[in-house]
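Student: Okay, here's the structure, questions in a sec.
No value in this document is a laboratory result; all are computed from the given coordinates. Bear in mind the structure is a predicted one, so any value in this text is a computation, not a measurement.
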Amino acid sequence: MPPASGSPEPSDGGALLAKGQPVPNIAGTTLDGRPFDLSSQRGRPVIVNFWGPSCVPCRDEFPLLLDKLAVHAADRLAVVGVLMYDAPAPARDFITQYDATWPTVEDPSGAIRTVYRVAARPQSYFIDRDGILRSIQVGQLTDVEFERQYALIAGAPAESGAPPTGGVPKPSIEIPPPP
């Protein structure tokens with residue numbers, strides 16, 4: 001339950017986010033006002049990218065993400081942005097300029113970046129089809145680094161009925177829509 005301030009309280013019990021473990025769910029509102037839930041992407045390789053349009057490396061990395069979505073479309077690659085530190089309007093303008101189609105979730109209270117232990121922008125989390133964190137990139141992705149890390153998440157999901165490797169899923173982080 002969110003505290004009185006309206007900011008969600010991370011409910012991960014203080015557990016550290018770690019490679020080989022399930023990622024916390026992200027539930028919130030996208031820049032276009034739609035609800036978003038990271039768990040809806042289960043079964044797809046996912047990259048969660050913390051970014052903002054005032055971040056020069058984020059701006060430089062954006063075309064690479066666009067290209068990789070097209071290159072890996074047959075794998076159903078999903079990119080999810082989390083807006084970090086910047087206002088929504090410039091982010092919307094930047095997304096429109098590049099015709100990006102992936103959702104970007106607002107994080108006005110910083111709850112998502114806190115639970116994900118984000119150090120800097122851009123920062124990307126490579127999550128496999130079972131919702132397991134396989135790799136973290138701090139700083140701008142290069143083509144070579146993207147492909148190396150993408151190979152870790154592109155495989156088939158765990159057999160139906162089998163628990164995902166890495167243990168019990170983490171609790172959800174729910175971000176209320178901005179007032």
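Student: Applying the Karplus parametrisation 6.51 cos²θ - 1.76 cosθ + 1.60 with θ = phi - 60° to the phi angles of the stretch 106-123, what ³J(HN,Hα) value in whole Hz is obtained for each residue in order, glycine and proline being reported as x?
Tutor: Rounded to whole hertz, the list is 6, 9, x, 8, x, 5, 5, 4, 5, 5, 7, 6, 6, 8, 6, 9, x, 9.
Student: Debye calculation, C-alpha points only, no solvent: report log10 I(q)/I(0) for the stretch 91-160 at q = 0.17 Å⁻¹, in the same order as the q values.
Tutor: Log-scaled intensity ratios, in q order: -0.84.
Student: What is the distance in Å between the Cα centroid of the stretch 98-115 and that of the stretch 39-57?
Tutor: 8 Å
Student: What percentage of all Cα-Cα pairs in the stretch 53-134 are separated by more than 17 Å?
Tutor: Cα-Cα pairs of the stretch 53-134 separated by over 17 Å account for 49 percent.
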